[in-house]
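S.K.: Quick one: the structure is below, and I'll ask about it shortly.
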Amino acid sequence: MTAYNLELFADYFQFYVQDDDRTIGDLSSAWTPEAVDHLLAVGPGVVGVGTVRNMNVPVTIEIHDREPPGDLDLWEHVTECGLEVRTGRLVVAGCTDYFPDAKRIQVGPGIYKVRVSCGGLDTLSEDGLEGDDRYRLQLWPAQSIGSPQVVKQRRSSS
């Protein structure tokens, strides 16, 4: 397993993991009310992760050879989806980051399962600027894209 610990500016309460192909990555119609509730928007070659703050947030990206063991008890919200990476490079960025300067991660071309685990979602300060929220994405080779799914739904914040 290879891990990358990043801090990303989650402008508009989101960040992306996508194939390093500039012609993809538009999730404007994918952020439906359901996607916002699930903190996950998916499009061809791109995964959008919703956050509870539009500030810098800690993000860990883990690349695995096979599906890692589950650890649902450590996280408040967990989703899974598929991602096709044709170029062999992942780009990890906030949605308003300058694409050429964004973090790149070498992976083999192919289809990956992506597990997004979110924790500390209820730790925000009253003004919503500070908190201990954290986000982990685990990727491993998969046979097919499949449909996005919620593995563990967070408690409603309302």
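Nothing in this text is a laboratory measurement; each read-out follows from the coordinates by a stated rule. The shown structure was predicted, so the numbers you read here are calculated from the model rather than taken from an experiment. Counting neighbours? That spans all protein chains shown, and the Cβs are built from the backbone with ideal geometry, glycine included.
S.K.: I want to verify a result. In a Gaussian network model of the chain, Cα cutoff 10 Å, which of these has the top mean-square fluctuation: Leu137, Leu39, Leu72?
M.R.: Taking springs between Cα atoms under 10 Å, the residue moving most is Leu72.
S.K.: Convert each backbone phi in region 69-80 into a coupling constant with the Karplus relation 6.51 cos²θ - 1.76 cosθ + 1.60 (shift: θ = phi - 60°), then list the ³J(HN,Hα) values in order as whole Hz, x for Gly and Pro.
M.R.: After applying 6.51 cos²θ - 1.76 cosθ + 1.60, I find x, x, 9, 4, 5, 8, 10, 8, 8, 9, 10, 9 Hz.
S.K.: With the Cα gyration tensor of region 2-151 in hand, give its eigenvalues times 5 under a square root as the equivalent ellipsoid semi-axes, listed largest first in whole angstrom. Present the calculation step by step, with values, prior to reporting the outcome.
M.R.: Values: eigenvalues 97, 61, 43 Å².
Over the Cα atoms of region 2-151, the ellipsoid semi-axes are 22, 17, 15 Å.
S.K.: Now, a different point. Counting only other residues whose beta carbon sits under 13 Å from that of Tyr12, what net charge do I get with K and R as +1, D and E as -1?
M.R.: Its environment carries a net charge of -1.
S.K.: Sticking with this structure for a sec: Output wanted: per-residue J couplings in Hz (rounded whole) for region 24-32, from phi through Karplus 6.51 cos²θ - 1.76 cosθ + 1.60, θ = phi - 60°, x for Gly and Pro.
M.R.: My calculation for region 24-32 gives 10, x, 7, 10, 4, 8, 7, 7, 6 Hz in order.
S.K.: Using amide H atoms built in the peptide plane, which far-off residues or other-chain residues are under 5 Å from Gly94 H to H?
M.R.: Excluding prolines and chain starts, which carry no amide H, the hits are Phe9, Tyr16.
S.K.: So, one more: Measuring from a point 7 Å past the Cα of Ile24 along Cα-to-C-beta, which residues in region 72-86 have an amide N at less than 18 Å?
M.R.: The answer is 80-86.
S.K.: Could you list the trypsin sites (Lys or Arg not before Pro) in region 62-142 that lie in coil according to DSSP, counting only those with at most 14 other Cβ atoms within 10 Å of their Cβ?
M.R.: Arg66, Arg86
S.K.: Taking the Cα centre of the chain as origin and charging only Cβ (+1 Lys, Arg; -1 Asp, Glu), how large is the dipole, in debye to the nearest 20?
M.R.: 480
S.K.: On to the next question. Taking R0 as 30 Å, what FRET efficiency do you get between Thr87 and Val150 from their Cβ-Cβ distance, rounded to the nearest 0.05?
M.R.: Plugging the Cβ-Cβ distance into 1/(1 + (r/R0)^6) gives 0.55.
S.K.: Could you work out the longest stretch of the chain that avoids the GluC sites (Glu not before Pro) located in DSSP loops with at most 15 other Cβ atoms within 10 Å?
M.R.: 1-125
S.K.: Once label points are set 7 Å from the Cα along Cα→Cβ at both Arg66 and Leu129, what is their separation, rounded to one decimal in nm?
M.R.: Here the answer is 4.8 nm between the modelled labels.
S.K.: Loop-only chymotrypsin sites (Phe, Trp or Tyr not before Pro) in region 63-158, please: DSSP not H, G, I, E or B, and at most 10 other Cβ atoms within 10 Å. Could you put the intermediate results ahead of the total?
M.R.: Working: sites: Trp75, Tyr98, Tyr112, Tyr135; in loops: Trp75, Tyr98.
Within region 63-158, the qualifying chymotrypsin sites (Phe, Trp or Tyr not before Pro) (loop, at most 10 other Cβ atoms within 10 Å) are Tyr98.
S.K.: I need the phi-derived Karplus couplings for region 100-110: 6.51 cos²θ - 1.76 cosθ + 1.60, θ = phi - 60°, integer Hz, Gly and Pro marked x.
M.R.: Coupling constants for region 100-110: x, 8, 5, 5, 10, 10, 6, 9, x, x, x Hz.
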